[in-house]
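Beneath this line is the structure, given in structure tokens, with notes to follow.
Readers should treat all values here as calculations from the given coordinates under stated rules, not as data from a laboratory. This one's a predicted model, so the numbers in the text were calculated from it and none came from an experiment. Here the Cβ positions follow ideal geometry from the backbone for every residue, glycine too, while neighbour counts run over all protein chains shown.
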Amino acid sequence: MKLNIENYQRIVVKIGSSLLVEDNQIREKWLTEFAKDVKELIEKKIELIIVTSGAVALGRSIIANKTLKKLSVEQKQACASIGQIKLMSTYHQIFKKHQLNVAQILLTANDCNSRKSYLNCQNTINALIKNNAIAIINENDSVAVDEIKIGDNDRLASRVAQMTNADLLILFSDIDGLFDKNPKTHKNAQFISQVNKIDKNIENMAKGSSSSVGTGGMITKIQAAKMALNANCPTVITSGIENKALQKLFFSEKKFTIFCKKDSKNINQNQSTKSKKNWLSGIVNPKGTLIINELASQTLQQKKASLLAVGVIAVQGNFVKGDVVFVKDKKNQHIASGIVNYSKSDAEKILKKNSQQIKKIFGNKAKSELVHLDNLVIISQ
């Protein structure tokens, strides 16, 4: 299979540690061929953003015992600090040979969850693109604690795709794509070339697969693809081990799995609303949770509607007006994310109440919506 380059203008490419680093050293020949591919796409007016792993793996060769299979948080942070310099230096040197300018951006989950920081990062990336520079983005592992865990850069790449309104997310790793079972242990594993909906069945297929150097496996890539789909951004998962992997994806034949919706909803949203909902769909640590009844769950998923207090049966967490919350059903399924109109203490006073009852409590100007439609995004199931 191959992708039609004419369908995409802005592409986010995530490079995993397992294909960028070998024996704690950068695969410079591979990166050189990748730079050539990037140059070719840019000459075709394609805008490219790179999310890279590899800093921790590179730092291990300098300060950590190479035989250690597991590093402490402090060791990972130190490795990331040293490895990031080596990583970006190599990117700069190799890309410069092909007349390509690169820029470093380091992010944490908090940067993405803060609306202000999110918009600032979005503006920075757009400015870099306008000035013919390629943003190379990595998780800021040197200061992160909770963020250093499985799937960080897969999710980070998805967040960047949402943030930049990308047309395509490519997750390069050392695996060809999605199989119905682990191909390393099952010879009869069947390859899946296209997925239109990510459900529990798809997620179960992804379990048990992992890459040799990085922290993420197939399950984290499925989670990243699900996040991107919430922003109507297709995701490709494929192996990038061989040279010219990016070029082969568009101009030759290559094995990959693409995750894409059969139809795109909300395409008529104005740009401001779309940007806000893209940001909301990627939030992973909300301030609280609203538990809703079955009717409210069905209404949100089947219609364009606000979340009314009458359909909310419980609240969790500690939030104030304007915070981001998750909306879940009684089975703990994540239905939506949104910006709440009430604090937790006030929300508890209007649970299961209709608009007239709410006005008796807070006055005639009180809102009956706990989350308004414009501040609500449905999470794909």
Stretchable slack from LYS359 to GLU40, in nm (0.36 nm times residue separation minus alpha-carbon distance): 108.7 nm
Qualifying lysines (Cα of each under 16 Å from Cα of LYS359; at least 8 residues distant if same chain): LYS349, LYS367
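For the pairs LYS274/LYS328; LYS244/LYS276; LYS276/LYS365, note any where the Cα-Cα span goes beyond 28 Å.
LYS244/LYS276
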For the range 299-305, Karplus couplings with θ = phi - 60° (6.51, -1.76, 1.60), whole Hz, Gly/Pro x: 4, 5, 7, 9, 9, 7, 8
Förster-model FRET efficiency, 22 Å R0, PHE191 and ASN7, C-beta, rounded to 0.05: 0.45
Zone of LYS262's modelled label, taken as backbone nitrogen in the range 183-205 under 18 Å from a point 7 Å along Cα→Cβ: 193-202
Whichever aspartates and glutamates have a C-alpha closer than 12 Å to that of LYS331, once near sequence neighbours (fewer than 8 apart) are set aside: GLU294
Calculated FRET efficiency for the pair LYS304/ASN101, C-beta based, R₀ 45 Å, to 0.05: 0.55
Long-range HN-HN contacts of ASP323 with modeled amide H, under 5 Å: VAL340
Percentage relative contact order, the range 5-259, counting C-alpha pairs under 8 Å, at least six apart: 24 percent
Residues with amide H under 5 Å from that of ILE134, placed H, sequence gap 5 or more: ASN101, VAL102, ALA103
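For each pair in LYS14/LYS130; LYS69/LYS248; LYS303/LYS353; LYS254/LYS277; LYS2/LYS262, compute the distance between the two Cα atoms and list the pairs where it is over 26 Å.
Details: LYS14/LYS130 21 Å; LYS69/LYS248 34 Å; LYS303/LYS353 21 Å; LYS254/LYS277 33 Å; LYS2/LYS262 18 Å.
Distance filter (> 26 Å) returns LYS69/LYS248; LYS254/LYS277.
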Charge-dipole axis of the chain as Lys and Arg at +1 and Asp and Glu at -1 on Cβ define it, positive-most pick from ASN332, VAL102, ASN140: ASN332
Nearby aspartates and glutamates by direct alpha-carbon distance to LYS76 (threshold 14 angstrom, same-chain neighbours under 8 apart not counted): GLU139, ASP141, ASP146, GLU147, ASP152
Most mobile of GLY217, GLY16, GLY363 in a GNM of the chain (Cα contacts under 10 Å): GLY363
222 nm mean residue ellipticity, helices alone, for the chain (DSSP H n ≥ 4; -39,500 (n - 2.57); rounded to 500): -11500 deg cm²/dmol
Residue-by-residue Karplus 3J(HN,Hα) for the range 90-102, coefficients 6.51, -1.76, 1.60, Hz, glycine and proline x: 5, 4, 4, 5, 6, 5, 4, 4, 10, 6, 10, 8, 10
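Magnitude of the Cβ-charge dipole of the range 11-53, K/R +1 and D/E -1, about the Cα centre, nearest 20 debye?
140 debye
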Efficiency of FRET from Cβ geometry, LYS29 and VAL284, R₀ 56 Å, rounded to 0.05: 0.95
Leading residue at positive end of dipole, the chain (Cβ point charges), from ASN113, SER345, ILE46: SER345
Answer label for Kirkwood radius over Cα pairs in Å (calculated), chosen among [x] 24.4; [y] 23.2; [z] 21.9: [z]
Antiparallel %, DSSP beta bridges [both residues in the chain], to 5: 45 percent
Net dipole in debye of the chain [+1 Lys, Arg Cβ; -1 Asp, Glu Cβ; about Cα centre; nearest 20]: 900 debye
